[in-house]
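Q: Please find one structure pasted underneath; my questions will follow.
A short reminder: the numbers here are calculations on the coordinates, not readings from a lab. Please read all numbers here as calculations on a predicted model, not as lab measurements. All Cβ positions, even for glycine, are placed from backbone atoms using ideal geometry, and neighbour counts span all protein chains on display.
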Amino acid sequence: MKKIILGFFGYFLILLAGCMTIPLLLALVYGEGHCARAFVVSILIALVPGILIRLTTHASLSASKLKLRYSYFIVTASWIIASILGALPYVISGSIPDFIDAVFETASGFTTTGSTILPDMDSLPKSILFWRSLTQWLGGMGIIVLFVALLPDFGIKSRNIAGAETPGPTITKISSRFSGTARMLYMAYVVLTVAEVVFLLFGGMSLYDAVNHALTTMATGGYSTHTAGIAYFDSTYITWVFTVFMFLAGTNFNLFFVAFQSGPRKAFSDEEFRFYAVSVLIAIVLIVINLMTQGGYDSFGQALTDSAFQVVTVITTTGYATVDFSLWPAFSQMLLILLMFTGASSSSTAGGIKEIRVLVFIRMIKYEAKRILHTNIVEDIRYNGKKMLPETLTFILTFITTYIITLIAATFLLSLTGAGNLVTNFTAVLTCISNVGPGLDLVGPVCNFSFYSGFAKILLSLVMIAGRLELSTFMLFFTSYFWRPEKV
Amino acid sequence: MKIKKKRRSANRRFFLNIFALVLIVYGIAALPPVGVAAFLGETAPLLPLGIISATCIAAGFMIRHFTDMHSGEVRHRINFATTIITWLFILFISSVVYYFGCEGATLADSLFEATASLTTTGTGDLGISSVPVSLQLWHSILNWLGGAGLILIAACYLQSWSFSGHSLISAELPGNEYLQSSSSYRITYRNILKLYAALTMIQFVLLIIAGMPALTSVMTSLSNISTAGLQHINNGVITQLSMPVKVIITLFAFAGSLNLSFIVLLIIRKARSPILRSESFNYVLRLLIVSLFIAAMIAVSSRRDFFPVLGDSVMQTVSFLSTSGYIITDCVEWPLICKITIVFCGFIGACAVSTGGGIKTARVDIAARTVSFGLFLNIHPRAVRTIRSDNKFVRQDQILSANLYMALFMAVFIVGAFLLSFDIKEASIFDALNYSHAMITNTGTSICEVGVQSSAAQFSALSKIIMSLEMLCGRLEIYPVIMLFSRSFWRSEKRR
């Protein structure tokens with residue numbers, strides 16, 4: 001068993017080193033010598049142990065023999081390793097000299113959170129900024145999903161492993177083999193990324209900026225190559241391109257295939273998608289009204305553009321900024337906080353609780369109210385016309401409870417450091433657990449997380465990873481069941 | 001058609017039966033403030049109090065006289081309708097007393113104050129400590145009635161329980177699913193009420209011995225046992241009181257927040273579960289841990305002696321865990337982490353079947369165990385395992401209900417803050433979260449400025465109604481209020 005796990009990590013390190021070669025090439029193209037050196041050293045640090053492990057273990061890479069708990073171990077450990085090794089180029093190149101800061105930035109990248117400790121992005125080397133964007137794109141669909149897509153021989157239990165990092169309660173099978181499903185998901189991901197690059201180029205954006213932003217949009221990450229974020233481009237067209245693609249990135253990716261195979265009508269009939277679309281529309285309308293009445297906006301068009309962009313960027317947990325929404329009226333801010341909780345669709349690249357869970361939660365409340373009124377009632381809770389099993393309902397509720405408890409516990413621990421205030425710390429944890437990016441007050445859209453201590457940054461990095469891995473995968477690490485499986 | 005008519009008639013008789021009894025209890029409860037107003041010559045509150053008291057007693061007896069009180073069993077829907085309509089009516093007439101009794105009070109202010117009184121939320125807009133004494137006494141009596149439950153008091157003294165009294169009271173008693181009983185529900189509820197009254201009396205005697213004036217002792221006893229926040233003493237900021245009085249207040253706020261049905265069983269020596277496995281023990285444990293943590297943080301940050309600080313910490317923690325919300329120490333000066341800790345205590349709240357608010361210890365414990373259980377299932381998906389609480393196995397529907405309630409409580413908190421935020425023009429979202437927390441937990445004290453009693457003066461009438469609904473949600477455990485807005489609740493059997 002140990003050999004299989006080690007063998008997996010061997011391959012994983014090689015894959016990570018392979019990913020770093022892309023920014024290395026860019027560093028060479030742009031003549032950023034010190035960055036090229038940093039990438040070469042980082043690649044060697046990942047590649048050499050990777051190859052050595054492969055050579056010494058000789059284990060076949062099959063997940064079929066893996067027990068469930070080892071699957072969780074592999075996923076959580078992979079994300080932690082990726083966050084640490086991914087930080088090396090920042091530290092070695094001197095772009096982020098402090099190692100903990102660099103780990104925070106990398107974890108924020110891989111988990112597609114988009115929170116940053118960097119005060120100024122414009123002065124950073126292009127290859128480093130590209131690595132930042134690439135970490136988000138890799139993390140968006142999932143590093144393990146990519147692994148499974150590239151290595152179809154991984155075995156039948158690969159679904160368990162990939163499922164532990166896929167956002168949302170279920171993975172729908174599009175192909176007969178999970179590796180096929182993973183490949184098709186990545187195909188849709190690549191196609192949408194390329195399409196966004198093309199649309200952004202039409203808006204007059206440079207190829208470098210277009211690629212970087214397309215990578216971070218489709219991953220719902222939110223990293224930008226400019227300190228001012230999307231406001232830097234000052235273009236309504238570009239803002240709307242981002243809005244549309246963020247919305248698509250927040251949609252269940254399986255629906256693209258449903259639309260392709262059975263027509264768009266079938267995709268539109270999906271209850272989660274309808275709930276997601278209606279939530280976005282209602283939020284936009286409410287914020288437009290609020291901005292026009294209390295927010296000092298005179299132009300309806302500007303209010304619509306800003307509100308649509310901010311609503312979509314928050315609900316999809318992307319976290320870009322065109323305006324400082326912490327200066328908006330309290331009503332709009334509270335609405336955005338609500339959206340940070342809900343997040344977008346399952347099996348998308350977004351974080352948060354997910355619309356499907358919110359939808360089922362609302363139905364459970366309705367059912368519970370009916371059950372209290374009519375004690376003998378027998379009624380099913382249905383989703384997309386199918387009866388939801390009691391175990392699924394319990395899992396959904398357990399997730400929400402875990403989310404609340406983690407949010408409160410992490411806010412408490414963050415406050416122990418003495419930094420910030422209640423709203424800052426609460427929204428910092430909320431934004432990290434939902435993988436959004438900016439919070440409110442001292443961690444607002446025009447601020448950063450640099451004022452937090454090392455302990456706080458490590459804590460927030462772990463919260464990001466926990467949020468990205470749907471909590472339970474990560475939380476298992478801290479239970480006695482995980483370390484002592486014989487304990488029942 | 002005939003059956004339908006018969007059922008409707010039975011429903012109506014049932015509702016009138018309970019409603020009339022509540023009116024009589026309410027009218028009688030208003031008599032002491034009427035006497036005080038007459039004795040002290042407080043003319044402004046005398047008239048509304050007198051009229052309301054006389055009208056309620058007369059109307060109650062008239063309804064009972066002219067209506068056939070035998071209704072038989074009714075459906076749960078009618079129980080809930082009875083509870084919520086009775087509460088809304090009592091809130092309305094209580095607000096009328098404040099409206100006419102307090103100078104300059106608007107109808108929204110009065111409704112807000114009445115809701116705060118009956119839901120035992122330690123807040124208010126009228127500044128109870130500065131209104132006439134008879135109204136202060138009235139406020140404390142409303143606290144006491146609300147703490148016990150209007151329906152519970154009325155129904156305990158009904159001649160017949162053939163209408164399934166347990167389901168009626170379940171809509172009003174916080175955490176009713178965790179009620180512990182060794183005999184019939186009727187006897188259990190009566191015992192709980194007796195214990196509640198006895199604790200009030202003992203507290204009153206002790207406060208008199210500790211040197212508190214008689215009338216203030218009465219008001220303090222009534223308000224404190226119902227964990228309402230002692231608004232009649234400096235609007236809930238009671239740092240100036242003597243140490244013996246503070247200790248008595250702390251002890252009885254703590255007693256009021258324990259599972260009263262369990263305490264009854266302990267007293268009559270019929271408790272089936274050991275104390276060490278009870279919800280109340282978990283509550284005490286939580287109280288000690290929080291107090292020790294806060295004391296340690298204060299002692300370290302301000303270099304003070306640990307043990308005197310521990311005393312302060314225990315007293316203030318009891319105030320928030322019991323959701324009383326009074327300020328008994330200099331907690332304004334506490335470090336941020338201590339304030340945050342104490343605010344989270346408000347969310348957890350007291351034990352089930354107590355006078356306290358919040359999510360309730362039993363539910364939080366079950367939710368925490370469900371999380372652990374969920375993680376366990378990730379590793380052993382086919383395992384069959386049970387969750388135990390209070391030394392008993394928890395059924396699947398109870399597990400779902402506890403988790404659902406916890407999530408719903410937090411959802412109401414966030415949605416409440418969202419609705420309130422529309423009214424905040426100058427202030428930040430701090431205030432919205434602040435007030436939403438204070439209302440839903442029934443503590444009535446603000447989040448970010450623990451130590452500063454909240455005043456809802458900055459809010460519009462609409463926001464005060466929203467806050468009133470939140471307080472009701474906290475007191476009646478959300479579902480009755482949700483049902484007010486549900487079609488299924490209002491539609492007749494056939495149409496549904």
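Q: Once you average over the residues of A:406-418, how many Cβ atoms of partner chains fall within 10 Å of each Cβ?
A: 3
Q: Please give the FRET efficiency for B:Arg487 paired with A:Ile81, using the beta carbon to beta carbon distance and R0 = 35 Å, rounded to the nearest 0.05.
A: Once the sixth-power term is evaluated, E becomes 0.05.
Q: Ranked from highest to lowest mean number of other Cβ atoms within 10 Å per residue, what is the order of the peptides B:386-394, B:364-372?
A: Sorting B:386-394, B:364-372 by mean packing, highest first, produces B:364-372, B:386-394.
Q: So which aspartates and glutamates can A:Lys366 reach, going by Cα to Cα under 14 Å and dropping same-chain residues fewer than 8 places off?
A: Straight-line reach from A:Lys366, under 14 Å: A:Glu379, A:Asp380.
Q: While we're here: Which FRET efficiency value, to the nearest 0.05, do you get for B:Val300 and A:Ser262 by plugging their Cβ-Cβ distance into 1/(1 + (r/R0)^6) with R0 = 41 Å?
A: Step by step, r from the Cβ atoms, then E = 0.05.
Q: Placing +1 at every Lys and Arg Cβ and -1 at every Asp and Glu Cβ, with all other atoms neutral, what dipole size does chain A have around its Cα centre, in debye to the nearest 20?
A: 2120 debye
Q: At a Förster distance of 60 Å, what's the computed FRET efficiency of B:Ile85 paired with A:Leu25, Cβ-Cβ distance as r, to 0.05?
A: So the FRET efficiency works out to roughly 0.25.
Q: Just checking the output field for A:327-333: average partner chain Cβ neighbours within 10 Å of each residue's Cβ?
A: 6
Q: Another question about this same structure. Once amide H atoms are built 1.01 Å from N in the peptide plane, which residues 5 or more positions from A:Ala219, or in another chain, come under 5 Å H to H?
A: Correct list: empty.
Q: If neighbour count is taken as other Cβ atoms inside 10 Å, put A:Glu196, B:Glu470 in order from fewest to most.
A: Taking fewest neighbouring Cβ atoms as first place, the list is A:Glu196, B:Glu470.
Q: Per residue of A:466-479, count partner chain C-beta atoms within 10 Å of its C-beta, then hand back the mean as an integer.
A: 2
Q: I've got another one for you. For a protection proxy built on the mean count of beta-carbon atoms within 10 angstrom, sort A:46-55, B:43-52 highest first, please.
A: B:43-52, A:46-55
Q: Output wanted: per-residue J couplings in Hz (rounded whole) for the range A:460-472, from phi through Karplus 6.51 cos²θ - 1.76 cosθ + 1.60, θ = phi - 60°, x for Gly and Pro.
A: 5, 4, 5, 5, 4, 5, 4, x, 5, 8, 6, 6, 5
Q: Something else now. From the cross-link list A:Lys370/B:Lys392; A:Lys266/A:Lys354; B:Lys339/B:Lys392; B:Lys360/B:Lys464; A:Lys3/A:Lys457, which pairs have alpha carbons spaced over 23 Å apart?
A: Check vs 23 Å cut-off fails for A:Lys370/B:Lys392; B:Lys339/B:Lys392; B:Lys360/B:Lys464; A:Lys3/A:Lys457.
Q: Measure off 7 Å from each Cα along the Cα-to-Cβ vector at A:Arg382 and A:Phe99, then give the distance between these two points in nanometres to one decimal.
A: 5.8 nm
Q: While we're looking at this one, here's another question. When the chain is fully extended, how far beyond the present Cα-Cα distance does A:Phe202 get from A:Val446, taking 0.36 nm per residue of separation?
A: Result for the pair: 85.1 nm of gain on full extension.
Q: Next question. Between B:Ala58 and A:Gln294, with labels modelled 7 Å along Cα→Cβ, what's the label distance in nm to one decimal, could you check?
A: Roughly 4.6 nm, to one decimal.
Q: Packing-wise, with mean Cβ within 10 Å as the measure, how do A:382-391, A:221-230, A:408-417 rank, highest first?
A: A:221-230, A:408-417, A:382-391
Q: Which length gain, in nm to one decimal place, applies between B:Ala38 and B:Asp330 when the Cα-Cα distance is subtracted from 0.36 nm times their residue separation?
A: 101.3 nm
Q: Tell me which of A:Ser93, B:Ala255, B:Ser421 sits at the most positive position along the dipole axis of the protein assembly as shown, charges placed on C-beta atoms (Lys, Arg +1; Asp, Glu -1).
A: B:Ala255
Q: Mind running the shape call on the range A:1-142? Use the C-alpha gyration tensor, a ≥ b ≥ c as the square roots of the eigenvalues: rounded below 1.5 for a/c, prolate if a/b tops b/c, oblate otherwise.
A: Because a/c hits 1.5 or more and a/b exceeds b/c, the range A:1-142 counts as prolate.
Q: With +1 on each Lys and Arg Cβ and -1 on each Asp and Glu Cβ, and nothing else charged, work out how big the dipole of the protein assembly as shown is about its Cα centre, in Debye to the nearest 20.
A: Value, rounded to 20: 4820 debye.
Q: Compute the distance in nm between two label points, each set 7 Å from the Cα along the Cα-to-Cβ direction, one at B:Arg388 and one at B:Met243.
A: 4.2 nm
Q: Sort chain A into rounded, prolate or oblate with this rule: let a ≥ b ≥ c be the square roots of the eigenvalues of the Cα gyration tensor; rounded if a/c is under 1.5, and if a/c is not under 1.5, prolate when a/b is larger than b/c, oblate otherwise.
A: Rounded, because the longest to shortest axis ratio a/c is under 1.5.
Q: Mean residue ellipticity at 222 nm from the helices of the protein assembly as shown, using -39,500 (n - 2.57) per DSSP H segment of n ≥ 4 over the full residue count, to the nearest 500 deg cm²/dmol?
A: Calculated at 222 nm, the ellipticity per residue is -21500 deg cm²/dmol.
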